[in-house]
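**Student:** Take a look at the following structure, please.
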Amino acid sequence: MGLKENEGSDTPQILAIIAACIPGVSSALLFSWPSPFLLVLINDQENYDISEIQAELLPIFLPIGILISSIFLFKIHDKIGRKYTLLLLCVPQFLFWLITIFARDIYSFYIGRFICGVADGIMYAALPIYISEVATPRVRGTWGNGQTFSFNAGFLLINVLGNYFTIHQTAYICLTLPILSAILFLRIPESPYYYLMKGQDERARTSLQWLLRKPDIESDFLQLKADVQRQISETGTWPDLYNIVSNRKALRASLFLRFAQQSAGIGTFENYIQYIFDKSNSGMLSPQISSIIFSALLWIVMTLFSIGLLDKFGRRKSFIISSLGCSILLAAESIYFFLDQFYSDSIDLSNCQWFPLAALMVYIITYCGGLGPLPSLMAGELFSASIKGKGLGVTNVGLAIILFASAFIFQSLTTSVGLYAPFAVYSTLTFICFMLSFYVIPETKGKTLEEIQQDLKGNAIIRVTF
């Protein structure tokens, strides 16, 4: 929201963000579903006649769905509104759990994963926009990571459910979440930005009054209206996405953030984490318990970082430190798996079986300091209102491609080379992103959406200063 903080209450904005992020929990349940159930599909030949190779391909179909929806549905949140777009997500999310209940062959699961991807492509575009448009800079700095926080909560939940319940029981339990999401979000207002874009001033004023809880919102309303009118006065055509310097910088930063996040391997870990622990032969803990520890730490640490720490240190510095640390830890994991594969006879690693889990725990802490929350947080901040739909559509196409590539890299390299190989690739890519981040990422901490646009229009290459 393009507003400065003053008197009023932050609570309604926080409630709106929490309600909007419930589809993010469902999305994480769907995205990370292979984590606990990949091994189940492979091993349970009585109920599922699915081979290991067929099951390992499951994560590839979700990014295909993201790609399709990003290309054809990138403007849906501008057509029907941010609120009703997020409500629409409940339909494909509900449908996946129905398919899971009745599926017996791999092709039904492929279809279900594709449907999940279609829902995710819509959510990745609509949710960051809604959060950025209903929150003041102070609230956005603390609660703007709601999408990432909810995603990590869903990742933890699916690993816990997968440890105690069957595929069918988990599906029945998770069927309730899309229904709950729809019921709660119906009572939350539409973004005032959207109403102003459509020329519905009274609805925008009502929405703003609900969000700010102030006795007099007229000055806030007039300022927000002026900001929106200036932004939508820009033509917002496809060539403008590249030709206008502020849009070009925003697109470059948005694509870079998503590429850096996924090239660090997080999407692969969330899909294959139990498979990784099973193949690592650590012997310390079962793959199920290890995955719960991994996902629990991810959720806890991301929560801690969400409580103002990113706003305290700044976006750019946080990202730089996080990417360097993740690169080092991924390299360490690669070295361990390399030694375990080729030198286990000459080097005794029995006293280091704790290392794969421990290194991934430290990786998660480092990842949550920047690589994890910033791509989602900044996605809703960087683009002008006139070009936001197109900008996020292109960004999500890039996300789908890198998700597909990351899953393909893991599956193919693990099979043909060894478990160390994908970790080496992720480490190298993350180190390259660390070097590029000095030049690509703008600082948006504490700024209104309009101030961010003005900075992008007026600044040359931004370099980090410690």
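The values are calculated or read from the model by the stated rules, or taken from the named source; none is laboratory data. Fair warning: this is a prediction, and the values are worked out from it, not measured in the lab. As a convention, Cβ positions derive from the backbone with ideal geometry for all residues, glycine included, and neighbour counts pool all protein chains shown. The protein model used for the area step is the full one, side chains on, heavy atoms only, and it has no ligands, DNA or RNA in it. Shrake-Rupley method; radii C 1.70, N 1.55, O 1.52, S 1.80 Å.
**Student:** Restricting attention to segment 409-428, report how many residues are crowded, with 22+ Cβ neighbours inside 10 Å and either of a type in the set (S, T, N, Q) or farther than 14 Å from PHE269 by Cβ (or both).
**Tutor:** Total meeting the criteria: 1.
**Student:** Another question, if that's okay. If we keep just the residues of segment 30-58 that are within 26 Å of VAL394 (Cβ to Cβ) and assigned to a helix (DSSP H, G or I), which is modelled with the highest pLDDT?
**Tutor:** Going through the qualifying residues, I end up with LEU30.
Conditions tested, residue by residue: (1) surrounded by 24 or more Cβ atoms within 10 Å (Cβ to Cβ); (2) among the polar types (S, T, N, Q).
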| site | (1), (2) |
| --- | --- |
| VAL245 | no, no |
| PHE259 | no, no |
| ASN271 | yes, yes |
| GLN274 | yes, yes |
| GLN288 | no, yes |
| PHE294 | yes, no |
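**Student:** Please go through segment 175-214 and give me each residue that is over 30 Å from TRP33 (Cβ atoms) and among the hydrophobic types (A, V, I, L, M, F, W, C), ordered by number.
**Tutor:** LEU196, MET197, ALA204, LEU208, TRP210, LEU211, LEU212
**Student:** All but one of (1) crowded, with 24+ Cβ neighbours inside 10 Å; (2) modelled with pLDDT of 90 or more hold for ILE167, so report the exception by its number.
**Tutor:** Of the numbered conditions (1) crowded, with 24+ Cβ neighbours inside 10 Å; (2) modelled with pLDDT of 90 or more, the odd one out for ILE167 is (1).
**Student:** How many residues does segment 435-456 hold that are surrounded by fewer than 22 Cβ atoms within 10 Å (Cβ to Cβ) and either of a type in the set (Gly, Ala, Ser) or part of a helix (DSSP H, G or I) (or both)?
**Tutor:** Here the count works out to 10.
**Student:** Those residues that are in a helix (DSSP H, G or I), buried (at least 22 other Cβ atoms within 10 Å of the Cβ) and over 18 Å from the mean Cα position of the chain (by Cα), I need them from segment 351-404; list them, please.
**Tutor:** PRO356, LEU360
**Student:** Oh, and also: So which of TYR420, TYR343, TYR336 is without any contact (Cβ under 8 Å) to a residue 12 or more places away in the chain and over 30 Å from ALA125 (Cβ atoms)?
**Tutor:** The unique qualifying residue is TYR343.
**Student:** Could I ask something else about it? May I ask you to list pairs of residues, at least six apart or on different chains, whose Cβ atoms are under 7 Å apart, with the first in segment 430-448 being of a type outside the set (Gly, Ala, Ser) and the second being part of a loop (DSSP other than H, G, I, E, B) and modelled with pLDDT of 90 or more?
**Tutor:** Close Cβ pairs satisfying both conditions: THR430/ALA264.
**Student:** Applying the selection to segment 30-61, what residues are more than 21 Å from ASP278 (Cβ to Cβ) and open to solvent by less than 10 Å² (accessible area, probe 1.4 Å)?
**Tutor:** LEU30
**Student:** Take segment 59-76 and flag every residue that is at pLDDT below 85 and in contact with a Lys or Arg (Cβ under 7 Å, 6 or more places away or on another chain).
**Tutor:** PHE74
**Student:** When segment 308-350 is examined, which residues are found to be surrounded by 15 or more Cβ atoms within 10 Å (Cβ to Cβ), more than 30 Å from GLY146 (Cα to Cα) and modelled with pLDDT under 90?
**Tutor:** ASP340
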